[in-house]
Amino acid sequence: MAKILFTKEHQNSRKDFILVLKDKLQNILPFVTKPGRYLGNEWNAVHKSVSNVTVRFLLAYPDLYEVGMSHLGLKILYDVLNRQEHIWAERVFAPAPDMIEMLKRNNLPLFSLESTTPMADFSFVGFTLQYELNYTTILGMLQLGQVPLWQRERGEKYPFIIAGGPNAFNPEPLADFFDFFVLGDGEEVILKIVDIYSSWKKQGKEKYLFLKEVAQLTGVYAPSFYKPCYRGVSFTGIELLEPSAPAVVGKNIIWELDGASYPTKPLVPYLEVVHDRAVLELFRGCTRGCRFCQAGMVYRPVRLRSPEKLKKMAREIFSNTGYEDLSLLSLSSGDYPDLLNLVRELKEDFAKERLELNLPSLRLSPEKIDAFAAIQDFGKGGLTFAPEAGTQRLRDVINKNITHEDIVLTAQKAVEKGRKSLKLYFMLGLPTETDADLQGIATLVEDILEAVYRAAGSRKGLRISVSSSIFVPKPHTPFQWIAQISRDEMWRRIQLLKSYLKKLKNVSYSYHDPEMSFWEAVLARGDRRLGQALYKAWQKGAYLEGWTDYFSPSYWQKAMAELGLNPDNYAGYKGAKDDPLPWDHLSCGVSKQFLWREYCLSLEGKITEDCRDAFCQGCGLPCFSAPATKE
Amino acid sequence: MKRLRVRFAKETELKFISHLDLLRTLVRALRRSGVPVAYSQGFNRKPRVVIAAPLPLGATSTGEYCDIFLEEAVSALDFQARVAQELPRGLKLLKTFAVPLEEPPLPSLIAAALYRCSMPGGLPLCWTKKIEKLLSCSELIVLRHTRKRGSKKVDLRPFIFSLKIKENGGNNGSFLEMLLATGSMGGAKPSEILSLLGKDNNNELYNLHRSALYFRREGLFREPEELITT
């Protein structure tokens, strides 16, 4: 039974099946919306001959094409894997509901875009875990791929279902569906995994032995080797079932980004995707230390690419894509040393090609506005700021170190340089928040309004849009011990802020659905028992839940009730220092002691400086600049 | 500044990409090729690449045109060589020729399009009669949905120049050939004609191919390359 996929006859019958699938697909595409999502022949798509490859890898993104194609991680892995002659990596995205309908009506399995191969025929299916509300979509995709959902029910002939991405640092709600998770930077370890797979496959051994071997690699977490224990509703710890597996799984870190492989021949989609542009990753990690930010913790330490490397990459990407825009990406691009110079040089290098440079996550300050306006068109569109909180006190709690005066002055300067609209982003329900902090948001917005009116000389055409979302306490952050506010309280605060902002002219207010933030919190802090809830919610119809049109909390509410689980125990969990946490056996390198210290400082309203400006704060990771440790 | 006109084909899977996607795809191919595409003036500078007439999503074509304005002269031959290798499978340059800068915008010159439509199981036999009937009508009013103002009534009859059922000889059997007005002066969509013939466009498969676009000169339909003046 074991190696049925690799017999000649089987392969030939699969080949015929794939031809039929290809044919049927042509008859389906005229009847679905945006058929361009399912073509697989975009510019720079990789096509190989099946007979020349030994490992088939399916990169799966649990959201629509337009979202998945905007994700850098997917492009990196697609490139790294396909650079190897013996590996063919292909893609699949969540099909839209109308496509699912067509697949079901024609009894067709979910297939890879490049070669129209059914998901079940791959060696690996690798999902990216970016967002908790995409979890049900993963189940939907596996089922459409005709792959058994539960790991223990998948026989030897099915692919290994694996995942990586930031949420792999607490994948417990998904643990029973996956063979293993990969923590940290994936581009090097993925090839080691494939190497182990290749020799394991030659020996024709059982899946269990492959898992055992691969679990020896840094950052590989095979959940079937770890058993969570509970007392009543509380999680009490992890029991290690496989002695050879590590008690605590660490993460992979690429120390030299200049030496790492980078997708300089990225796919160019036909459809307009969310981020339809070339991407240059300036650096990984962030040391600002915002206490709510999971990315700021799990991607540490900071590792930079050199300007020379970046300029070379930009040239290659441009000549391979023809893109009109180039985005300089990182968690906080303004922190790149001598960013100004890099931007100036890129501008000069690509003057003839009219390449527009894009700088998201800039952390704007008055000085930066002056500097950037001097070297490039500052644009007329909107400009986004994220003060996150309305008062200095609360910004100190979350360690978002920007001042009221700076925000106002930055906005004023942006308008002086020609911007007509400003977007301000806040979080509601941050730890220790009171109604005075909501009033503080209104005051801040009012001060900005006054300053920009003065700058523009008139009120005409100026707009400020304020948007808010509910704070979600995430694992591996100092706020992992904090309870999310209740759903009633979420609505009350939204209404209160709304009433404050109503009084201001030219200001509009929108908010992210609090129900979504609630279930995001439940899943983010979830333990393995939520796997059943996930399964039930999916069975009831949950799919593509990141989209407000598709999200329905009732699926979740019912699923949890049927299992006798209380979602408030997860979202509203308030921890004590020594509580075992469901993700304690997974480490991003930032120590629990550091997080606890940060948590205590936050409650005292004390800030922690960026370790690059001050001294090493002792987060637990070694990094490039560790001159002195705090006494 | 120079102006080149290309006739190109849009075939195979690329029939599933929309008009705007096609424009983006062409512009990126031109940028990769390094030909000096001219950009419009003003604040929002756009590459000066103009496609003659949108092709319905799902249709293939061997009669598409596109005007490209270049900052410096590039010979048609050189252009063809540099751009062809940057085009994805499914897009093919068929002909490249220079046109005078002062000629009106390409879309305003297009007057008609020639389509052929076939169906996997052959065309319904009743169509011969139905076509006769349609052509004998003095007006053919259909409802057209507009994005802003709901729907409006349009008379398609003046936009139909001819409808003919032809034999292919090959294994595809017969096909419907439609010569329809298209362009800025108004026109009929192939799907509208098929609906009038009683086809359910949302559920029945058909193959649609555009084989030519025409200018109108002195009462005659002429393909753009027949009118090269330089």
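Some points to look at:
- Top-ranked residue of region A:270-283 - restricted to ones that are outside any loop (DSSP other than H, G, I, E, B) and closer than 26 Å to residue A:64 by Cβ, ranked as farthest from the other protein chains (Cβ to nearest Cβ): A:281
- Across region A:467-482, the number of residues qualifying as surrounded by fewer than 23 Cβ atoms within 10 Å (Cβ to Cβ) and over 14 Å from residue A:293 (Cβ atoms) comes to 2.
So that you can scan it fast, the table gives a plain yes or no per residue for (1) over 26 Å from residue A:613 (Cβ atoms); (2) part of a loop (DSSP other than H, G, I, E, B):
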residue: A:288; (1), (2): no, yes
residue: A:308; (1), (2): no, no
residue: A:323; (1), (2): yes, yes
residue: A:328; (1), (2): no, no
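- Selection count where residues are buried (at least 16 other Cβ atoms within 10 Å of the Cβ) and of a type in the set (Val, Ile, Thr), scope region A:16-27: 1
- Test for residue A:537: is it out of contact with any helix residue (DSSP H, G or I) (no Cβ under 7 Å at 6 or more places or on another chain) and under 21 Å from residue A:521 (Cβ atoms): no
- Residues that are surrounded by fewer than 13 Cβ atoms within 10 Å (Cβ to Cβ) and touching a strand residue (DSSP E or B) at 6+ places or on another chain (Cβ under 9 Å) were ranked within region B:145-157; the one that is modelled with the highest pLDDT is B:153.
- Of the residues making up region A:204-225, just one is buried (at least 19 other Cβ atoms within 10 Å of the Cβ), touching a residue at least 60 places away in the same chain (Cβ under 8 Å) and farther than 11 Å from residue A:151 by Cβ, namely A:221.
- Per the listing B:90, B:58, B:63, the residue uniquely away from chain A (no Cβ under 12 Å) and either closer than 26 Å to residue A:36 by Cα or aromatic (Phe, Trp, Tyr) (or both) is B:63.
- Looking across region A:83-101, just one residue is surrounded by fewer than 20 Cβ atoms within 10 Å (Cβ to Cβ) and within 20 Å of residue A:268 (Cα to Cα), and that is A:83.
- Within region A:127-144, not a single residue is in contact (Cβ under 8 Å) with a residue 40 or more places away in the chain, assigned to a loop (DSSP other than H, G, I, E, B), more than 21 Å from residue A:533 (Cα to Cα) and not polar (S, T, N, Q).
- Residues of region A:330-352 that turn out to be part of a loop (DSSP other than H, G, I, E, B) and either in contact (Cβ under 8 Å) with a residue 40 or more places away in the chain or crowded, with 17+ Cβ neighbours inside 10 Å (or both), as a count: 5
- The condition (being closer than 30 Å to residue B:25 by Cα and among the acidic types (Asp, Glu)) is satisfied by just one residue among A:272, A:242: A:272.
- Checked against (1) more than 17 Å from residue A:171 (Cβ to Cβ); (2) outside any loop (DSSP other than H, G, I, E, B), residue A:227 passes all but condition (1).
The rows are residues; the columns are (1) surrounded by 12 or more Cβ atoms within 10 Å (Cβ to Cβ); (2) at the interface with another protein chain (Cβ under 8 Å from one of its Cβ atoms); (3) touching a helix residue (DSSP H, G or I) at 6+ places or on another chain (Cβ under 7 Å); (4) at pLDDT 90 or above.
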{"residue": "A:29", "(1), (2), (3), (4)": "yes, yes, yes, yes"}
{"residue": "A:39", "(1), (2), (3), (4)": "yes, yes, yes, yes"}
{"residue": "A:45", "(1), (2), (3), (4)": "yes, no, no, yes"}
{"residue": "A:51", "(1), (2), (3), (4)": "no, no, no, yes"}
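- The requirement of being under 11 Å from residue A:90 (Cβ atoms) and buried (at least 21 other Cβ atoms within 10 Å of the Cβ) is not satisfied by residue A:127.
- Any hit, region A:68-77, residues being at pLDDT 95 or above, touching a Phe, Trp or Tyr at 6+ places or on another chain (Cβ under 8 Å) and closer than 23 Å to residue B:13 by Cα: yes
- Within region B:31-41, considering residues that are touching a strand residue (DSSP E or B) at 6+ places or on another chain (Cβ under 6 Å) and more than 7 Å from chain A (Cβ to nearest Cβ), the one surrounded by the fewest Cβ atoms within 10 Å (Cβ to Cβ): B:36
- Single residue of region B:173-230 satisfying the filter (within 14 Å of chain A (Cβ to nearest Cβ) and aliphatic (A, V, I, L, M)) that is surrounded by the most Cβ atoms within 10 Å (Cβ to Cβ): B:208
- Consider region A:459-501 and keep the residues that are charged (D, E, K, R) and assigned to a helix (DSSP H, G or I). The one that is nearest to residue A:521 (Cα to Cα) is A:487.
- Residues in region B:73-124 that are part of a loop (DSSP other than H, G, I, E, B) and either among the acidic types (Asp, Glu) or farther than 26 Å from residue B:185 by Cα (or both): 17 in all.
- Matching option when the condition is in contact (Cβ under 8 Å) with a residue 40 or more places away in the chain and either within 14 Å of another protein chain (Cβ to nearest Cβ) or loosely packed, with under 15 Cβ neighbours inside 10 Å (or both), among B:2, B:10: B:10
- Those residues of region A:576-612 which are under 25 Å from the mean Cα position of the chain (by Cα) and closer than 19 Å to residue A:231 by Cβ, in sequence order: A:581, A:582, A:583, A:584, A:585
- Meets criteria (farther than 17 Å from residue A:290 by Cα, crowded, with 21+ Cβ neighbours inside 10 Å and of a type in the set (D, E, K, R)) for residue A:419: yes
- Residue within region A:360-372 that is more than 26 Å from residue A:524 (Cα to Cα), assigned to a loop (DSSP other than H, G, I, E, B) and of a type in the set (Phe, Trp, Tyr) present: no
- Count of residues meeting criterion [within 27 Å of the chain's Cα centre (by Cα), of a type in the set (A, V, I, L, M) and part of a loop (DSSP other than H, G, I, E, B)] in region A:94-116: 4
- Scan of region A:120-148 for residues that are in contact with a Phe, Trp or Tyr (Cβ under 7 Å, 6 or more places away or on another chain) and of a type in the set (A, V, I, L, M, F, W, C), ordered by number: A:120, A:122, A:124, A:133, A:138, A:139, A:147
- Complete set of residues in region B:202-225 that are under 14 Å from residue B:115 (Cβ atoms) and either of a type outside the set (Gly, Ala, Ser) or free of Cβ contacts under 8 Å to residues at least 24 places away in the same chain (or both): B:206, B:207, B:208, B:209, B:210, B:213, B:214, B:221
- When each of A:299, A:323 is tested for being aromatic (Phe, Trp, Tyr), farther than 30 Å from residue A:605 by Cβ and crowded, with 19+ Cβ neighbours inside 10 Å, the lone residue that passes is A:323.
The values are calculated or read from the model by the stated rules, or taken from the named source; none is laboratory data. Not measured: the values here are computed from a predicted model. A quick note on method: Cβ atoms are made from the backbone with ideal geometry, for glycine too, and the neighbour counts reach across all protein chains shown.
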